[in-house]
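Enquirer: Just passing along the structure, written as structure tokens.
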Amino acid sequence: MKTTRIIISLVFLLLIVAACNSWGAKPTEDPDQPVSNEPGSSMPNQDADYSPQPGDALLTQDVAFVDSMNLAVMESYPPQILLQLTGSLPTPCNLLRIEVGQPDEDNNIRVGVYSVVDGNQICTTVLQPFEQGVGLGSYPTGTYQVYVNDTLAGEFTMP
């Protein structure tokens, strides 16, 4: 009887781990790839996999821990801006979401980084690291500040 309980416990544990794995995870975006093919575009361009999805309303919004943020100006014409994010999600079941806003009247660009999760899903509580490049696009002449979750990530100047 004791052996049966141990086997059942092990099978249950394996099912939980299998439900929360990242075997099907996609690699992060290559930062050397072009982020926009529309010259002069002021519309932010981002990886669709991390954009808010229609089904997100059925999920619980949660945090994403952002450890580092770097801005890079790509050598292209017109120059394209890339935001590189590194951080962790609370569990392997959380899905990363990134929202890039339009510049406001002070040329501030706000980027929201968060996660969504199915609250009914059983998941191991272990941090899931992420590294993601986000193409912000190209902007008109001026100096812009980029904020990630209300923290200044950096600034850039468009010629």
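Enquirer: Return only the number of the condition from (1) touching a helix residue (DSSP H, G or I) at 6+ places or on another chain (Cβ under 7 Å); (2) modelled with pLDDT of 95 or more; (3) of a type in the set (Ser, Thr, Tyr) that Tyr114 does not satisfy.
Expert: Only one criterion in (1) touching a helix residue (DSSP H, G or I) at 6+ places or on another chain (Cβ under 7 Å); (2) modelled with pLDDT of 95 or more; (3) of a type in the set (Ser, Thr, Tyr) is unmet by Tyr114, namely (1).
Enquirer: Please find, within region 82-119, the residue that is nearest to Gly135 (Cα to Cα) out of those that are in a strand (DSSP E or B) and polar (S, T, N, Q). Step through it out loud before you land on a result.
Expert: Step one: filter region 82-119 for residues in a strand (DSSP E or B), giving 82-89, 95-100, 108-117.
Subsequent filtering for residues that are polar (S, T, N, Q) retains 84, 86, 88, 108, 115.
On the way: Gln84: 9, Thr86: 15, Ser88: 20, Asn108: 16, Ser115: 19 Å.
By that ranking, first place goes to Gln84.
Enquirer: So in region 90-142, with the set limited to residues that are surrounded by fewer than 13 Cβ atoms within 10 Å (Cβ to Cβ) and among the β-branched types (Val, Ile, Thr), which one is nearest to Val66 (Cα to Cα)?
Expert: Within region 90-142, the match that is nearest to Val66 (Cα to Cα) is Val126.
Enquirer: Tell me yes or no: at least one residue of region 52-67 is at pLDDT 95 or above, closer than 23 Å to Met158 by Cβ and open to solvent by less than 60 Å² (accessible area, probe 1.4 Å).
Expert: Looking through region 52-67, none of the residues is at pLDDT 95 or above, closer than 23 Å to Met158 by Cβ and open to solvent by less than 60 Å² (accessible area, probe 1.4 Å).
Enquirer: Next question, about the same structure. Six or more apart or on different chains, Cβ atoms under 8 Å: show the pairs whose first residue is in region 90-115 and aromatic (Phe, Trp, Tyr) and whose second is open to solvent by less than 40 Å² (accessible area, probe 1.4 Å).
Expert: Taking only residues 6 or more apart or on different chains, the pairs are Tyr114/Ala64; Tyr114/Arg97.
Enquirer: Could you please find all residues in region 139-152 being modelled with pLDDT under 95 and in contact with a Phe, Trp or Tyr (Cβ under 9 Å, 6 or more places away or on another chain)?
Expert: Tyr139
Enquirer: OK, next. Can you tell me which residue among Gly101, Gly119 is out of contact with any helix residue (DSSP H, G or I) (no Cβ under 7 Å at 6 or more places or on another chain) and within 15 Å of Asp56 (Cβ to Cβ)?
Expert: Details: Gly101 fails: within 15 Å of Asp56 (Cβ to Cβ).
Of Gly101, Gly119, the one residue that is out of contact with any helix residue (DSSP H, G or I) (no Cβ under 7 Å at 6 or more places or on another chain) and within 15 Å of Asp56 (Cβ to Cβ) is Gly119.
Enquirer: Continuing with the same structure: Under the condition of being of a type in the set (A, V, I, L, M, F, W, C) and touching a Gly at 6+ places or on another chain (Cβ under 9 Å), which residue from region 72-89 is surrounded by the most Cβ atoms within 10 Å (Cβ to Cβ)?
Expert: From region 72-89, those of a type in the set (A, V, I, L, M, F, W, C) are 72-74, 81-83, 85, 89; that's our starting set.
Filter once more, keeping what is touching a Gly at 6+ places or on another chain (Cβ under 9 Å): 72, 74, 81-83, 85.
On the way: Ala72: 14, Met74: 18, Ile81: 24, Leu82: 19, Leu83: 27, Leu85: 23.
If we take residues in region 72-89 being of a type in the set (A, V, I, L, M, F, W, C) and touching a Gly at 6+ places or on another chain (Cβ under 9 Å), then Leu83 is surrounded by the most Cβ atoms within 10 Å (Cβ to Cβ).
The values are calculated or read from the model by the stated rules, or taken from the named source; none is laboratory data. From a predicted model like this one, the values you see are computed outputs, not experimental measurements. Positions of Cβ are generated from backbone atoms using ideal geometry, with glycine treated the same way; all protein chains shown enter the neighbour counts. Quick note on the areas: whole protein, heavy atoms, side chains included, nothing else; ligands and nucleic acids left out. Shrake-Rupley method; radii C 1.70, N 1.55, O 1.52, S 1.80 Å.
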